[in-house]
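The structure appears right after this line, and notes come after that.
The values are calculated or read from the model by the stated rules, or taken from the named source; none is laboratory data. It should be emphasised that the depicted structure is a prediction, and the values quoted were computed from it without experimental measurement. Cβ placement follows ideal geometry from the backbone for every residue including glycine, while neighbour counts extend to all protein chains displayed. For accessibility, only protein heavy atoms count, side chains too; no ligands or nucleic acids. Shrake-Rupley method; radii C 1.70, N 1.55, O 1.52, S 1.80 Å.
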Amino acid sequence: MCGRRRSIQHSKGRYVYFFCLGQKNDPEGTCREPYVAADDLEAQIEDLYRRIQLPELWAERLREEMPAEVEERRAADVAQRKLLTARLAKAEGEGERRKLLDAYYGEAIDVPTLKVEQARIGSAIDAAKDRLADLDANLTEQQEIPELAASLATRCGDAYRKANDRTRKLFNAAV
């Protein structure tokens with residue numbers, strides 16, 4: 001193999017095959033990689049995924065150990081949720097905004113400074129709300145992903161064979 005990438009070619013409207021780019025771009029013609037029918041290569045890839053499946057015993061161990069990892073992450077998320085909720089309450093409540101208005105009414109700050117500070121507080125509130133929403137989504141995902149991962153890892157070949165072209169491409173990119 002010359003080490004170059006492969007490309008796909010459609011020939012005569014019905015033949016699809018892969019070829020080494022070294023054949024097309026090598027003026028000395030040193031690449032001797034054969035053309036490979038797309039169907040043949042696809043069958044080889046399916047066979048590869050069938051062979052790299054996680055043994056069921058390992059998947060079972062993964063299923064047993066993942067809840068502890070999920071719980072650890074959930075605990076970290078709970079701590080972060082408390083911090084964000086406190087920040088949100090301070091920013092939205094009588095805290096920062098009230099002090100800002102008091103400073104403006106007391107003529108300690110001018111209108112441009114008031115606007116800049118209001119925008120900063122608004123951005124902080126939006127960021128905290130977004131992060132809280134992310135934490136909620138993470139909790140749901142953290143509960144679903146271990147089983148899905150273990151199930152997929154024990155049936156890579158089946159999953160790849162049943163996947164659409166886009167998903168197969170993602171499989172191949174990940175591997």
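Gln142 falls short on exactly one of the conditions (1) under 30 Å from Glu56 (Cα atoms); (2) open to solvent by 80 Å² or more (accessible area, probe 1.4 Å), and that condition is (2).
The test for being under 17 Å from the mean Cα position of the chain (by Cα), surrounded by fewer than 16 Cβ atoms within 10 Å (Cβ to Cβ), part of a helix (DSSP H, G or I) and modelled with pLDDT under 85 does not hold for Leu152. Ala108 satisfies every condition listed in (1) surrounded by 13 or more Cβ atoms within 10 Å (Cβ to Cβ); (2) outside any helix (DSSP H, G or I) except (1).
Filtering the range 41-60 to residues that are open to solvent by 80 Å² or more (accessible area, probe 1.4 Å) and either of a type in the set (S, T, N, Q) or out of contact with any helix residue (DSSP H, G or I) (no Cβ under 9 Å at 6 or more places or on another chain) (or both) leaves Gln44, Leu57.
Within the range 147-175, residues that are closer than 14 Å to Leu48 by Cβ sit with their Cβ atoms under 8 Å from residues that are of a type outside the set (Gly, Ala, Ser) and exposed (fewer than 11 other Cβ atoms within 10 Å of the Cβ), at 6+ positions apart or across chains, in these pairs: Gly157/Arg51.
Can you pull out the residues in the range 86-105 that are open to solvent by 70 Å² or more (accessible area, probe 1.4 Å) and part of a helix (DSSP H, G or I)? If the condition is that a residue be open to solvent by 70 Å² or more (accessible area, probe 1.4 Å) and part of a helix (DSSP H, G or I), then Arg87, Lys90, Glu92, Arg97, Arg98, Lys99, Asp102, Tyr104, Tyr105 are the ones that fit. The single residue among Arg131, Arg81, Arg73, Arg166 that is open to solvent by 90 Å² or more (accessible area, probe 1.4 Å) and farther than 30 Å from Leu41 by Cα turns out to be Arg73. Consider the range 13-40 and keep the residues that are modelled with pLDDT of 80 or more and open to solvent by 100 Å² or more (accessible area, probe 1.4 Å). The one that is farthest from Arg161 (Cα to Cα) is Tyr35.
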